[in-house]
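Remarks on the structure that follows.
The values are calculated or read from the model by the stated rules, or taken from the named source; none is laboratory data. No experiment lies behind these values; they were computed from the predicted model shown. Surface accessibility is based on the protein's heavy atoms, side chains included, excluding ligands, DNA and RNA. Shrake-Rupley method; radii C 1.70, N 1.55, O 1.52, S 1.80 Å.
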Amino acid sequence: MTPPLSVSDLRKSYGDHEVVAGLSFALRAGECFGLLGPNGAGKTTTLRCCLGLIRAESGTITLTGEPVPARAREARMRVGIVPQFDNLDPDFTCAENLVIYGRYFGLEDAAIRARIPELMDFAGLAGRERADIKTLSGGMRRRLSLARALVNDPELLILDEPTTGLDPQARHLIWDRLKQLLARGKTILLTTHFMDEAERLCDRIAVIDGGRIIGQGSPRQLIDTLIEPQVVEVYGENAPAWAAAEAGAFSPRVEISGETAFCYLADAETLLEHLARQPGLRTLHRPANLEDVFLKLTGRELRD
């Protein structure tokens, strides 16, 4: 079966800066594939190249069976996109936004209108077909953007940070809808800065930085192979001094961020017994997660 998206040795530069540096990956039909990375890692440029919106210097891209950029327009007819920032038209109602968007795919108005009740119900917006866009909450607008991306019944759905700025209730509702789409056999390409979102939704993940893949596999594989199994977070204004003086005796790897020391280790029992005797320090003991992997691979320094 032809992959919904296949990228091989993709390269793109702006001036002397190589933003995408030989990127290769392929999506499997019916999976959720996560493309993760810090700001400036090359995610957005990669997506724009894959959609034929900008031209790469080299490499090959096949999108829904079509070569990009040669047949990018034809490929995009079978793709649904939820952009990072809402671009719903505020001058139209919810239903009108769906109808106008569907026309870009050559769909007849009658066919689009026949699907609107199903799409609105799927988005949790049943009964709001005539609602003004300006009256919708942020969560409602994101759900409507998802419904709009499904107007053409796409083979591949590309989601660029779909839950940024949403409250927990709205995030969980969107997660539920995405799981429903995956259960129906849809393929999803997801970019997100929420590691718990990627861990919940993604079958496989590629972590990129500097335009290169620096880690790839299922969330569980990445956690099991790239990070120590247990983490002890030590809080308090004395934590950095304690970590510098004593943490190395208990943990093979310690990272400090602000007033928190992160101790990564295989067995935390001895460290926890020691910390219980240290006044002024608070602790959190937990299993390692995808965020720990992400920070190990990309570092803790702030990216602009």
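Structure summary
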read-out: Sequence of SER251, SER257 when ordered by accessible area, the most exposed leading, probe 1.4 angstrom; value: SER257, SER251
read-out: Karplus (6.51, -1.76, 1.60) ³J(HN,Hα), θ = phi - 60°, over region 48-65, in Hz, Gly and Pro reported as x; value: 5, 5, 5, 8, x, 7, 9, 9, 7, 6, 7, x, 10, 10, 10, 10, 6, x
read-out: From phi via Karplus (6.51, -1.76, 1.60), per-residue ³J(HN,Hα) for region 175-182 in Hz, x at Gly/Pro; value: 4, 4, 5, 5, 5, 5, 5, 5
read-out: Whole-Å distance, taken between Cα centres, linking region 112-143 and region 211-286; value: 45
read-out: Mean Cα-pair separation over length for region 29-137, i.e. relative contact order, pairs under 8 Å, 6 or more apart, %; value: 18
read-out: Top of CYS263, CYS202, CYS94 by mean-square fluctuation, Gaussian network on the chain, Cα under 10 Å; value: CYS263
read-out: Area accessible to solvent at THR164, 1.4 Å probe radius, in Å²; value: 70
read-out: Span from the region 1-21 Cα centroid across to the region 148-209 one, whole angstrom; value: 22
read-out: Over the chain: helical MRE at 222 nm, DSSP H runs n ≥ 4 each giving -39500 (n - 2.57), nearest 500; value: -10000 deg cm²/dmol
read-out: Whole-number accessible area per residue in Å² for region 167-243, which is evaluated in the context of all protein chains at 1.4 Å; value: 43
read-out: Amide proton proximity set for ASP209, modelled H, under 5 Å, gap of 5+; value: ILE214
read-out: Region 92-104 - phi-based ³J(HN,Hα) in whole Hz, Karplus 6.51/-1.76/1.60, Gly and Pro as x; value: 10, 6, 4, 5, 5, 4, 5, 5, 5, 5, x, 5, 4
